[in-house]
Every structure is written in C-alpha cells, then in structure tokens.
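Student: Submitted below is the structure of interest, expressed as structure tokens.
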Amino acid sequence: MPYLYFMKSKKNGKVYVGSTTKIPKIRVNEHNNGSNQWSRYNGPFLLKYFEKYQCEKDAKLREKFYKTGFGKQIKELILKLIESKNIGA
C-alpha cells in the first residue's frame, strides 16, 4: 500500500516529505538509521503525518503537491494543527 508521509527533524526542525510503499514508521526508522546522506545530516526524525493511497502514482503526485507552492502552505497548516493538538502519526 503506498503512503505519503511527513517527518520532522529533532535536530533542526526541517520537515521531509516523502512517499513510500513501506509502512511509514518503518521508513522513518530507515531514515533514522542513515539510509541516505540527507538523513544522516538531519536526523533523527519523528513521523508527524501520513496519508494512505490506493496506487503509487497518486502518492507520488501528492508528494509533488506538498513540495510546491500552495501544497507547502497546506503542509504547514497540517503540521500546525498536529502540533497545536499535540498529536502525531
């Protein structure tokens, strides 16, 4: 099952938007284990939010949306709501 996810760096507060066919918590653990250079420099991370999709193409399109213009604003609103309610994925 494809997912779209947001994770936030405990180190510097940067938010990463990604898509995966793995369970989001497992994918974030991979990032926390330094799965790529960006993760090694910016981790550790907390999973903040995820969405579940029926097909990988939809998850990829949503990832692209959250990384551009209006989608960035929506992403920030989602994160503010999560943090104000002290909830998370």
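No lab work stands behind these numbers, since they all come straight from the coordinates. Here the structure is a predicted model, which is why all the values come from computation and not from measurement. No Cβ is skipped: glycine too gets one built from the backbone with ideal geometry, and neighbour counts run over all protein chains shown.
Student: Exactly one condition in (1) out of contact with any Gly (no Cβ under 6 Å at 6 or more places or on another chain); (2) farther than 21 Å from Met1 by Cβ is not met by Arg40; state its number.
Tutor: It is condition (1) that Arg40 fails.
Student: Six or more apart or on different chains, Cβ atoms under 6 Å: show the pairs whose first residue is in segment 1-27 and closer than 13 Å to Lys48 by Cβ and whose second is assigned to a loop (DSSP other than H, G, I, E, B).
Tutor: Lys10/Pro44; Val17/Lys67
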